[in-house]
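Note sheet for the following structure.
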Amino acid sequence: MSDDQLSSPTPRLDPIPSLTGLRGLAALLVVVSHAVDGVTPSFQGHAPVWWDEVSQLAGLGMPMFFVLSGFVIHYNYSSSITSGGIRGLRDFFVARFARLYPLYFVFVLYCLLDSGVFQQVAQGEAGASTILFHPLGYYLTLTQSWFYNLNHG
């Protein structure tokens, strides 16, 4: 295969609207479940059965969303990976990283700002820099779920 063929973009595949609709439904189930869990009205006695069922919708929505998203990723990238060899694989990882990491980084920064840890470090509070820097390496390298570490004691 010539270098020209490797550098040419792969043809766009036709979208599958039904999968987009199912992914939207799955995301909606998760949102509804979290909304119900976040707003707990006072029931006399036990919560009604429907309330418990609605609050468990995320258990259906999350796996459904991840399976469908995995299929969509495979559908969109499999031909470029298999026909592009190492370069196609590299292009896939660069595209995924560029799509996911910036938002992830912004969210980690927001969580650190919201927790007040930067203010604690600036004020020189004892142990604040350990709270900030110990887990930060794991979060920046996306390996926080690979290791079990207790933070904040």
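So how far apart, in nm, are the two label points at residue 143 and residue 76 if each is 7 Å from Cα heading toward Cβ?
In this crude label model, residue 143 to residue 76 measures out at 2.8 nm.
Sort 16, 131 so the one with the fewest other Cβ atoms within 10 Å of its own Cβ comes first. Numbers along the way, then the final one.
Working: 16 13, 131 18.
By the 10 Å Cβ count, ascending: 16, 131.
Relative contact order for region 1-110: what percent, with Cα pairs under 8 Å and sequence separation of 6 or more? Please report the intermediate quantities before stating the final value.
Details: 57 pairs, mean separation 32.8, N = 110.
RCO, region 1-110: 30 percent.
Express in nm, to one decimal, how much length is gained between residue 113 and residue 90 on full extension, taking 0.36 nm for each residue of separation and deducting their alpha carbon distance.
Values: separation 23, 0.36 × 23 = 8.28 nm, distance 3.34 nm.
Separation in residues times 0.36 nm, less the Cα-Cα distance, equals 4.9 nm.
By how many nm would the segment from residue 19 to residue 67 lengthen if fully extended, with 0.36 nm per residue of separation less the alpha-carbon distance? Mind showing how you got there, number by number?
Working: separation 48, 0.36 × 48 = 17.28 nm, distance 1.07 nm.
Full extension of this stretch gives 16.2 nm more.
Multiplying the sequence separation of residue 99 and residue 83 by 0.36 nm and subtracting their Cα-Cα distance, what value in nm do you get?
Details: separation 16, 0.36 × 16 = 5.76 nm, distance 2.23 nm.
Length difference between fully extended and current span is 3.5 nm.
With all pairs of different alpha carbon atoms counted, what Kirkwood hydrodynamic radius in Å does the chain show? Don't jump to the answer; show the numbers that get you there.
Numbers: mean 1/r = 0.0501 Å⁻¹.
Taking the inverse mean of 1/r over all distinct Cα pairs, the chain comes out at 19.9 Å.
Round to the nearest 0.05 the FRET efficiency obtained for residue 28 and residue 52 when R0 = 22 Å and r is the Cβ-Cβ distance. Walk me through the numbers before you get to the answer.
Working: r = 19 Å, r/R0 = 0.85.
It comes out at approximately 0.70.
Jot down the radius of gyration and Dmax of region 14-97, Cα atoms only, both in angstrom.
Taking only Cα atoms of region 14-97, I get Rg and Dmax of 18.8, 63 Å.
What's the exposure ranking of 42, 55, going from fewest to most Cβ atoms within 10 Å? Spell out each step's value before the answer.
Details: 42 5, 55 18.
The order, fewest Cβ neighbours first, is 42, 55.
Every read-out reported here was derived from the displayed coordinates using simple, explicitly stated rules and does not represent laboratory data. Here the structure is a predicted model, which is why all the values come from computation and not from measurement. Note that each Cβ is placed from the backbone with ideal geometry, even for glycine, and that neighbours are counted across all protein chains shown.
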